[in-house]
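The values are calculated or read from the model by the stated rules, or taken from the named source; none is laboratory data. All of these numbers come straight from a predicted model, not from anything done at the bench. So basically every Cβ, Gly included, is an ideal-geometry build from the backbone, and we count neighbours across all protein chains shown. Only protein heavy atoms, including side chains, enter the accessible area calculation; ligands, DNA and RNA are left aside. Shrake-Rupley method; radii C 1.70, N 1.55, O 1.52, S 1.80 Å.
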Amino acid sequence: MSLNPPDIAELKAIVDWANLTQDVRELSLKFGDVELFISRDQQQPASAPAPAPVAPVAATPASAPVAVPAPAEPAPPANSGTVPFSADALASDEVLIKAPMVGIFYAAPKPGAPNFVSVGDKVAADSVLCIVEVMKLMSNIEAQVEGTVVRILVENEQAVEFGQPLMVIKRDG
């Protein structure tokens, strides 16, 4: 069976996931000529130079537009129906929850299940707000503050970028 090598966005998603997942100490993937090696150790093995995965993928014309860095506050996709959001509009007691990685936003644990949270819900610091999926790996996104959900800025199953605003929580107190 032959697999197509991942594009730049997929490689970035894998690296972002590995950086956020404390359980992964070392990860090695190979797709044809493309090799990706990630290690939390200080030393890298000589057989896995860091730039190796980028060269074959960057040469693919389809991945060239993906290499362009996203703006600090990416605009929502045209078909999302969400209202543009500015972090400058936050009150001093509001916290912006951002996507920690590129992926797909899921508001519920599975299709047909109730959403993790809705506007007006009280949340604890360890409350799960949503899931972001990256290449079939589901990551729970927790509130990390106690408060009330005042805005949900993305729709279920919407693609999200790293750092994209997801929700606003008004701190208790």
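Per-residue answers, yes or no, for (1) part of a loop (DSSP other than H, G, I, E, B); (2) at pLDDT 90 or above:
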position	(1), (2)
72	yes, no
80	yes, no
84	yes, no
110	yes, yes
114	yes, yes
120	yes, yes
141	no, yes
144	yes, yes
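To keep it simple, each residue is scored yes or no on (1) surrounded by fewer than 17 Cβ atoms within 10 Å (Cβ to Cβ); (2) within 19 Å of residue 17 (Cα to Cα).
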position	(1), (2)
100	no, yes
119	yes, no
132	no, yes
140	yes, yes
144	yes, yes
155	yes, no
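Six or more apart or on different chains, Cβ under 9 Å: which pairs go from a residue in region 149-165 that's small (Gly, Ala, Ser) to one that's open to solvent by less than 60 Å² (accessible area, probe 1.4 Å) and part of a strand (DSSP E or B)? Could you list them?
Close Cβ pairs satisfying both conditions: 159/103; 159/104; 159/105.
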